[in-house]
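> Below you'll find the structure I mean.
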Amino acid sequence: MNKLTRTARGGVMALALALVAAAPAAAAQPTRTVYPLHYPFFTIGAGNGCAFAVEGHPSWGFQASTEFSDGSVQWSVRAHGAYVNPANGDSYWVEDNWRDRDTFDIGTSIGHSTVNGQASYTFYPGDMGPYGLVDQVVMYHIVGTVHATWDSSTFQTSAFSWNGGTITNICEELSK
């Protein structure tokens, strides 16, 4: 009887500890929102991606954001389609498929991103890009892992590094 009582007490204590440990996790579930990509196409004006206007022609995809209790946000994107130069008809097909985890320095507007996969990026003069300080607007399609530090109020990139994969200058591809 004493052995059974000791075993029962151990079981009750284990159950109580499990419930106490699970309570905060259950209370802090992340919030996930999914956005379908349903628009027929969009235009990026001259000087906002390339020196010339660029059209985006998505064929399918979605974007999802997950907000965590620590203030970080994870983005997941699956978007296939083409960038098109309407002046000459040249196109560049992309299969953006990436995950981005953003964290923010408390009390500042500084964000840190780690992006894994393949994604299209626009860099503006003054940004740090894959080849150093950017002097003219440019769009790149990057495959690999990207680490970036940026100001969430101006979106200017102050640090940028990239590992593995490839980098393609979309503007060059659209002006051949």
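> Any residue at all in region 75-84 that's surrounded by fewer than 16 Cβ atoms within 10 Å (Cβ to Cβ), more than 25 Å from Asp135 (Cα to Cα) and either touching a residue at least 60 places away in the same chain (Cβ under 8 Å) or of a type in the set (Ser, Thr, Tyr) (or both)?
No, region 75-84 has no match at all.
> Let me confirm something: among Ser175, Ser153, which residue is open to solvent by 50 Å² or more (accessible area, probe 1.4 Å), more than 17 Å from Val54 (Cβ to Cβ) and not hydrophobic (A, V, I, L, M, F, W, C)?
Ser153
> Another question, then. Out of all the residues in region 52-62, is one or more under 22 Å from Gln156 (Cβ atoms) and open to solvent by 60 Å² or more (accessible area, probe 1.4 Å)?
No, the conditions are met nowhere in region 52-62.
> Further question on the same structure: Quick one: count up the residues across region 33-84 that are modelled with pLDDT of 95 or more and over 19 Å from Ala119 (Cα atoms).
6
> Out of everything in region 87-119 that is open to solvent by 70 Å² or more (accessible area, probe 1.4 Å) and more than 17 Å from the chain's Cα centre (by Cα), what residue ends up being nearest to Thr168 (Cα to Cα)?
Among them, the one singled out is Trp93.
> Is it true that some residue in region 125-137 is open to solvent by less than 50 Å² (accessible area, probe 1.4 Å) and of a type in the set (Phe, Trp, Tyr)?
Scanning region 125-137, I find no residue that is open to solvent by less than 50 Å² (accessible area, probe 1.4 Å) and of a type in the set (Phe, Trp, Tyr), so the answer is no.
The values are calculated or read from the model by the stated rules, or taken from the named source; none is laboratory data. Being a predicted model, the structure only gives us computed values, none of them experimental. Because the Cβ atoms are built from the backbone with ideal geometry, glycine has one as well, and the counts that use them run over all protein chains shown. What goes into the accessible areas is simple: the full protein's heavy atoms, side chains included, and nothing from ligands, DNA or RNA. Shrake-Rupley method; radii C 1.70, N 1.55, O 1.52, S 1.80 Å.
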